[in-house]
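Report on the structure given below.
Values in this text are rule-based calculations from the coordinates and carry no lab data. Owing to the predicted nature of the structure, the values given are computational and were not obtained by experimental measurement. No Cβ is skipped: glycine too gets one built from the backbone with ideal geometry, and neighbour counts run over all protein chains shown.
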Amino acid sequence: MDVFEGKSWISGQGLVNTCIGIDEGKITAVKKILKGDNHTKFEGIILPSAFDMHVHFRDPGYPHKEDWKTGSECAAAGGVTAVVDMPNTNPFTSDLETFNDKVSTASSKSVVDFGVGVNVEKDLTEQTWFDTIPAAFWKLYPYGISSAEYFSYAKEVLDKTSKPLVIHGEHPDHMHNEPLNELSDHTQNRLIAEPECLASMPSSPYLHVAHLSTLEGLNRMPKLASSEVCPHHLLLNLDNCHSLDCKVDPPLRTKKDNSGLYDAFREGKIPILSSDHAPHTIDEKRSDNPPSGLPGVETMIPLMLNEVSEGRLELSRLVNAMSEAPAERLGLDRGRISEGMPADLIMIDMKNSKPIDLDKLHSKSNWTPFEDWPAIFPSQVYRRGELIAESGEIRQEGGGQNLF
Ligand code: NCD
Ligand code: ZN
């Protein structure tokens, strides 16, 4: 048995001086005193690592933007040991074959554990594999379909499944992409897309709204549904971010939206933190028709740990939003430091806040909207008891497993 000793986050108790016993990747004991074969004492704090239920690792289809190796290395370096990949790859993940192919690619290349989302298309619920395929969830996009189709697909899936239906909650009628002169044009084009969409969504406990971005959208959340918010919708707005590179769906909004969403996040009304890691190359971003999306899986936890150290967020809320709540939402028993859980842990020195250095990040997209922002990166990251990243360096090749 390996033993990690240090101030550890124990749900319901907070930070407690304790020993964590680990055998074959699992936490087998949490006790004041433990003897093991290898005993490591950590100076900082020990937290459960993060589970990001919203990433785009672009594999298959767009290897110049990211792939399972580089995407998962971003995750690992940023304290995220499990992700769910979205289906908008090429080909889309929309049937048994594309699903199995993606799981097999991820199994051979990903250094973090993973799940795979399956796209909602016409007649999904008629497929023989519907509801038996081990998908993390169903994902519905508002691109390239009519609003009648969008809402009827949503209703049909919600009626027939108990797996989460994750929606990109912008109304299909507002998803056109006119050329932009400045970043605020994109926001302007989509001003009411989110509240209009959410107001028309059926309420269901199986519904999950991805990347909430507006105060009005928050107020129109369908009853019983859950939601997530991304760091860029809490921290970036049209005042502190002007670059067209920051075109993202849903768009950046106002300071007022940031603070309204942040209050709801603090209260747990928005339970889950996700990155919507959506990398594009800087050349693509600077082209005449820039795609939407920001990289973010590597900077998400470091930025939010800095928020904790500055007193703007409770550590208990962050741990819940990054580890416990996403696992629970997807029906997985993990995300806590307690007996029987996988030993997915991050070691943090809360005093080690440093400006984000682009050269140290792992994404192929090679840019970040958060360059020079203060952030606290984990000093060590353990996936099922194995050290996979240390001070930003990757320590393992692959080894990630499908969690579903
Ligand atoms: C996503 C992408 O690039 O895949 N972009 C984004 O701005 N969020 C697509 C999406 O989720 O809408
Ligand atoms: Zn996305």
- Query: Spin-label point model (7 Å from Cα, Cβ direction): what's the Ser108 to Lys223 distance in nm?
  - Reply: 5.0 nm
- Ranked on Cβ counts within 10 Å of their own Cβ, fewest leading, Ser275, Ser11 go Ser11, Ser275
- Which order do Phe370, Phe51 fall in if you start with the one that has the fewest other Cβ atoms within 10 Å? Phe370, Phe51
- Message: Please list, in order along segment 98-114, the HN-Hα scalar couplings obtained from phi with the Karplus expression 6.51 cos²θ - 1.76 cosθ + 1.60 (θ = phi - 60°), rounded to whole Hz, x for Gly and Pro.
- Response: 5, 5, 5, 4, 5, 4, 6, 4, 4, 4, 8, 10, 7, 8, 10, 5, 8
- Task: In Å³ and rounded to a whole number, note down the convex hull volume per residue for the Cα atoms of segment 20-125.
- Result: 138 Å³
- Query: For segment 308-348, what is the Kirkwood estimate of the hydrodynamic radius, computed as the reciprocal of the mean inverse distance between distinct Cα atoms, to one decimal in Å?
  - Reply: 11.2 Å
- Message: Run the helix sum for the chain: -39,500 (n - 2.57) per DSSP H stretch of 4+ residues, divided by residue count, reported at 222 nm to the nearest 500 deg cm²/dmol.
- Response: -6500 deg cm²/dmol
- What's the FRET efficiency of Asp159 with Glu397 using the Cβ-Cβ distance as r and R₀ = 60 Å, to the nearest 0.05? 0.85
- Task: Would you mind checking the radius of gyration and Dmax of segment 93-143 based on alpha-carbon positions, in Å?
- Result: 11.5, 35
- Could you please rank His171, His54, His39, placing first whichever residue has the fewest other Cβ atoms within 10 Å of its Cβ? His39, His171, His54
- Where does the charge balance sit around Glu267 when Lys and Arg score +1, Asp and Glu -1, over other residues with C-beta under 14 Å from its C-beta? +2
- Message: Over the Cα atoms, compute the radius of gyration (one decimal) and Dmax (the largest Cα-Cα distance, rounded to a whole number) for segment 156-241, in Å.
- Response: 14.1, 44
- Query: Pairs Lys31/Lys223; Lys247/Lys269; Lys35/Lys364; Lys285/Lys354: which are spaced more than 32 Å apart, C-alpha to C-alpha?
  - Reply: Lys31/Lys223; Lys35/Lys364
- Note on the structure: Expressed to one decimal in nm², the mean projection of the alpha carbon convex hull of the chain is 17.7 nm²
- Task: With the Cα gyration tensor of segment 243-310 in hand, convert its eigenvalues to equivalent ellipsoid semi-axes via √(5λ) and list them largest first in whole Å.
- Result: 26, 14, 10
- Task: Figure the gain on full extension for Glu97 and Trp129 (residue separation times 0.36 nm, minus the Cα-Cα span) and round it to one decimal in nm.
- Result: 10.4 nm
- What net charge do the residues around Arg384 carry, taking every other residue with its C-beta under 13 Å from that of Arg384, with Lys and Arg at +1 and Asp and Glu at -1? -3
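For segment 85-228, compute Rh as the Kirkwood radius over C-alpha pairs and then the Stokes-Einstein diffusion coefficient at 4 °C and 1.567 mPa s; write the answer in µm²/s, rounded to an integer.
So the translational diffusion coefficient is about 80 µm²/s.
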- Message: Report the number of Lys pairs in segment 95-200 whose alpha-carbons are under 20 Å apart, with separation of 8 or more residues or on distinct chains.
- Response: 10
- Item | Cut-off under 5 Å, modelled amide H: who pairs with Val111 long-range | Ser72, Glu73, Gly398, Gly400
- Task: Report the calculated FRET efficiency for Asp263 and Asn177 (r = Cβ-Cβ distance, R0 = 25 Å), to the nearest 0.05.
- Result: 0.20
- Task: Give a residue-ordered list of calculated ³J(HN,Hα) values for segment 18-23 (Karplus: 6.51 cos²θ - 1.76 cosθ + 1.60, θ = phi - 60°; whole Hz; x for Gly, Pro).
- Result: 7, 10, 10, x, 10, 10
- Put +1 on the Cβ of every Lys and Arg and -1 on every Asp and Glu Cβ in the chain; which of Gly169, Thr187, Pro222 then has its Cα farthest towards the positive end of the dipole? Pro222
- Query: Based on the Cα atoms of segment 220-338, what semi-axes does the equivalent ellipsoid have, where each is the square root of 5 times one gyration tensor eigenvalue, given in whole Å with the largest first?
  - Reply: 26, 16, 15
- Task: For segment 298-385, just list the percent of Cα-Cα distances falling in each 5 Å bin from zero outward, please.
- Result: 3, 13, 20, 22, 19, 15, 7, 1
- Message: If you average the C-alpha positions of segment 357-396 and of segment 14-76 separately, how far apart do those two centres end up, in angstrom?
- Response: 13 Å
- Item | Gain in span if fully extended, Ala199 to Arg286, counting 0.36 nm per residue against the direct Cα distance | 27.9 nm
- What dipole magnitude, in Debye to the nearest 20, does segment 149-304 give about its Cα centre under +1 on Lys/Arg Cβ and -1 on Asp/Glu Cβ? 580 debye
